[in-house]
Every structure is written in C-alpha cells, then in structure tokens.
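Each remark here refers to the structure printed beneath this line.
The values are calculated or read from the model by the stated rules, or taken from the named source; none is laboratory data. The structure presented is a predicted model; accordingly, all values stated were derived computationally and were not measured. Counting neighbours? That spans all protein chains shown, and the Cβs are built from the backbone with ideal geometry, glycine included. Accessible surface areas use protein heavy atoms only, side chains included; no ligands, DNA or RNA. Shrake-Rupley method; radii C 1.70, N 1.55, O 1.52, S 1.80 Å.
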Amino acid sequence: MSDPSNKSPRNQPASTRIVAGQSAAPKRSLGRKIGIGAALLALLGGGAAIAAAVNSGGTPAAVQETAPAGNPAAELKLGYFGNVTHAPALVGVSQGYIAGELGDTKLSTQVFNAGPAAIEALNAGAIDATYIGPNPAINSFVKSGGESINIIAGAAAGGAQLVVKSDINSVADLKGKTLASPQLGGTQDVALRAWLASQGYKTNVDGSGDVAINPTENAQTLKLFQDGKLDGAWLPEPWASRLVLTAGAKVLVDEKDLWDGALSGKPGEFPTTILIVNQKFAADHPDTVKALLKGHVKSVEWLNGAADGEKASVINAALKEAAGAELKPDVIDRSLKNIVFTVDPLAGTYQKLLADGVTAGTTKQADINGIFDLRALNGAAGDKTSAAGLGKE
C-alpha cells in the first residue's frame, strides 16, 4: 500500500468553493444562460469542422490551441463536496492520485455543497466532471433527453441518516415538524421526501405539506438545529454524525435499513456518491477520462486498505483544505463506520432512485437507459462492474 504522505504531485490543483445557492459562474437570467450555453455547445461542436475547413497556415490561434477530439485535454475541471462521503475525491485530489494519472493535463477543482449546484456548473461548462449524488445526475440526464452526463463510476455507498430531536420517537411525531435536507432535488432531499411519502405524509417542493422540508446548507443546518429552529434533517456524513455527537440529535432512520439488497445484491448499500462526466468532454477526451478513472480507482483502493487512523488523518486534512475545518476524532470515526467506499455505482438501484425522484416531485418519469458508461472503469479496475442494462459496460 503506498504512503500518501510521500505523494508530492507536480500538478496540485487550486480549489474554488461553491455553496448551495451560489453559482459557479456569474449569474445571468435563465434565458440568457440557456442561450449562451447553446451557443457554446454549437461552437464546440463545430470545432472539428472548422479545423478541417482550413489549412495549417490559416488556422486561427484559438483552434490551434484546442486539443483535437480524442487527445488528452489541456485541463480537467473536477468538482466534489467537502463531505466524508466524497473521500475518494478528497484523497484522490489531496494525495495526487488523480493528478498523477493525468500527466500533462492540468487538474483544477471546485468544491460544492450539494448536487444541483454541481450539475448547474457541469451543464454550464464550469467543470467537466464531478463527484455527486445519484439523484441530481439522474435529473440532469432526464432533463437533457439523455445528452448531458454519463455515470462512469461509483465512489461511496451508505452514510446518510435522518437525525431528529430527542423528543421525536416515531414517524407519527413528525407531523407538523420542520426538517432539512442539503438542497432541493439533491440525493438526501429525494430520499427524505420519498420516505415520508411511504409513511403517508405529503410534502411539496415549496416547503408546505404535512411535514415542512427546508433545503438548507449543511453548516447552517447544524446551527439551526442547535438553536431549536429545525426538528431534524436527512443528511450525509459527516453532518449526520455532527448533529448526533455535538448537537444531541438521535437517529430516527438509518437509510441503510431501507435497502435490503434485492436491487443491488449488496444489503444495506445504496449509492451516495458517484462520479459523472460531461458527455461531450468524454467524447472529445476519452484518454483524460480513463486517466481520471485510474486515479479514482487508486484512491478507493487506498481508502479500503489504509489503517483507520491513517485514513481519518488524511481525510481530515483534505476536509480542512476543502471545507475549512477538520472534524473531531469521534465525528470522523463515526462517519467512516457508516460508509462503504466502492467503484460500483450499484446500477440496479437506479430505477428506484428515479421513481423516488418522481414521488418527491423533483424529476419526471423517463427512460434512463444509457445513463451509464462503465467501459473505462472496467478497463481501469480490472473487474466487471454491471450497468444493470442501463448503459455500456
């Protein structure tokens, strides 16, 4: 097992932090944003035709500097979150596993708080690939008619819980209460809304209903819970553990108990973090995507082989860089016990995840065949990971 402390990547990226509700690019009106995005896509799509139509003496400098389709990209812009469930990204970036595989391709990163914000950045071209929860990825794929993203690997399973005030003892006690999720349409938001629906509660995306759901940035959720302004929250790690260990919350639902393994063959496991890529970027730069996946696989292998103390130390240092603060030892230890790090995206669960999004009101029923492209992963990992009939493998 390689020692990450000996890693000294020459291509260490600088990170930008993006929180929920904050765009990765200057804000524009929706109509203007869509128009600009369409124009950029048209321009990029026409790059090969432009290059073929001119000779070497008359090629504009901008075209000359753009790597032809199929060549490694000059830069890979990668997104991830400052959560323990994104440890493969935290380790892969901080210890140089990803940059080391990219070679001459520059790695730059952006840190997000929740999935919808990362998807917005991906669709706007501010990033090329991102670690993210499955539901925002599904939603993007559905909204684009299957043309926006592909899921290329899993990263983490498990690590999400509904934690509540100590006086809430049953599902019946939730009526009229206010709960939080990281962001509307995010993976934990969808899980919360779908679970409440299964318990007979009605929720609406505007916050009304039998149980009010208030999408809130994770750090604010902790403070609001401590101030008595929230009754609970469905959160990923380390935030579930922070509310339990530092704010007196208790677990009402551990999401792993809702997954019996019938869909994935792995009881208790459900996709929490996956790795996705912009389809056009992947088509233009397949070698760069392969390199990214090689670094990702190395990161997951390290996480599954490192001693607990070393793992916690490396992740904590990366969290301080990405999110601004380290975690207390008991918080990170509890968090890591709730998570399985895996390159398997658990593709068999995605029809249910889609159905949950429909129930939650954050997506629509659609055909998600083609959402996976696991060919490069299977080449990098050496094992056959199934796309469950929903894409290439």
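In the stretch 89-124, what residues are over 11 Å from the mean Cα position of the chain (by Cα) and under 22 Å from residue 218 (Cβ atoms)? Can you show your working first?
Narrowing the stretch 89-124 to residues over 11 Å from the mean Cα position of the chain (by Cα): 90-110, 120-124.
If the condition is that a residue be over 11 Å from the mean Cα position of the chain (by Cα) and under 22 Å from residue 218 (Cβ atoms), then 90, 91, 92, 93, 94, 109, 110, 120, 121, 122 are the ones that fit.
Where the second residue is open to solvent by 20 Å² or more (accessible area, probe 1.4 Å) and assigned to a strand (DSSP E or B) and the first is closer than 16 Å to residue 280 by Cβ and lies in the stretch 144-156, which pairs have Cβ atoms under 8 Å and are six or more apart or on separate chains?
Between residues of the stretch 144-156 that are closer than 16 Å to residue 280 by Cβ and residues that are open to solvent by 20 Å² or more (accessible area, probe 1.4 Å) and assigned to a strand (DSSP E or B), the close pairs are 148/278; 149/278; 150/373; 150/391; 151/373; 151/391; 152/373.
If a residue must be among the polar types (S, T, N, Q), assigned to a loop (DSSP other than H, G, I, E, B) and either at pLDDT 95 or above or buried (at least 23 other Cβ atoms within 10 Å of the Cβ) (or both), how many such residues does the stretch 329-364 contain? It would help to see each step written out before you state the result.
We begin by selecting, within the stretch 329-364, every residue among the polar types (S, T, N, Q); these are 335, 338, 342, 349, 351, 359, 362-363.
Of the ones still in play, those that are also assigned to a loop (DSSP other than H, G, I, E, B) are 338, 342, 362-363.
Next, from what is left, pick out any that are either at pLDDT 95 or above or buried (at least 23 other Cβ atoms within 10 Å of the Cβ) (or both): 338, 342, 363.
Matching residues across the stretch 329-364 total 3.
Kindly indicate the residue of the stretch 132-188 that is among the charged types (D, E, K, R) and part of a loop (DSSP other than H, G, I, E, B) and also most open to solvent (accessible area, probe 1.4 Å) among those meeting that condition.
Pass one, the stretch 132-188, residues among the charged types (D, E, K, R): 143, 147, 165, 167, 173, 175, 177.
Filter once more, so that each one left must be part of a loop (DSSP other than H, G, I, E, B): 147, 165, 167, 175, 177.
On the way: 147: 140, 165: 53, 167: 105, 175: 124, 177: 60 Å².
Only one residue tops the list, namely 147.
Looking at 326, 301 in this structure, which one is outside any helix (DSSP H, G or I), without any contact (Cβ under 8 Å) to a residue 60 or more places away in the chain, of a type outside the set (Gly, Ala, Ser) and open to solvent by 30 Å² or more (accessible area, probe 1.4 Å)? Spell out how you get there, then give the answer.
Working: 301 fails: outside any helix (DSSP H, G or I).
After applying the criteria, what remains is 326.
Which condition number in (1) modelled with pLDDT of 95 or more; (2) of a type in the set (A, V, I, L, M); (3) over 18 Å from residue 167 (Cα atoms); (4) surrounded by 15 or more Cβ atoms within 10 Å (Cβ to Cβ) is the one that residue 219 fails?
Result: residue 219 fails condition (1) only.
Would you confirm whether or not the stretch 196-208 contains a residue that is under 25 Å from residue 257 (Cβ atoms), in a strand (DSSP E or B) and open to solvent by 50 Å² or more (accessible area, probe 1.4 Å)?
Within the stretch 196-208, the subset under 25 Å from residue 257 (Cβ atoms) is 196-203.
After this cut, where a residue has to be in a strand (DSSP E or B) as well, the list is 203.
Next, only the ones that are open to solvent by 50 Å² or more (accessible area, probe 1.4 Å) stay: none.
No - not one qualifying residue is present in the stretch 196-208.
From the list 320, 280, 290, 294, exactly one residue is surrounded by fewer than 24 Cβ atoms within 10 Å (Cβ to Cβ) and within 16 Å of residue 341 (Cα to Cα). Which is it?
Working: 320 fails: within 16 Å of residue 341 (Cα to Cα); 280 fails: within 16 Å of residue 341 (Cα to Cα); 290 fails: within 16 Å of residue 341 (Cα to Cα).
On inspection, the qualifying residue turns out to be 294.
May I ask you to say which residue of 244, 251 is open to solvent by 30 Å² or more (accessible area, probe 1.4 Å) and in a helix (DSSP H, G or I)? Break it down into steps so the answer makes sense when it comes.
Working: 251 fails: in a helix (DSSP H, G or I).
When all the criteria are applied, what remains is 244.
Which members of the stretch 200-222 meet the condition of being closer than 17 Å to residue 113 by Cα and touching a helix residue (DSSP H, G or I) at 6+ places or on another chain (Cβ under 9 Å)? Show your work before the answer.
Narrowing the stretch 200-222 to residues closer than 17 Å to residue 113 by Cα: 214-222.
Hits for the stretch 200-222 are 214, 215, 216, 218, 219, 221, 222.
Can you pull out every residue in the stretch 114-127 that is outside any helix (DSSP H, G or I) and buried (at least 24 other Cβ atoms within 10 Å of the Cβ)?
Let us first name the residues in the stretch 114-127 that are outside any helix (DSSP H, G or I), namely 114, 125-127.
Matches in the stretch 114-127: 114, 127.
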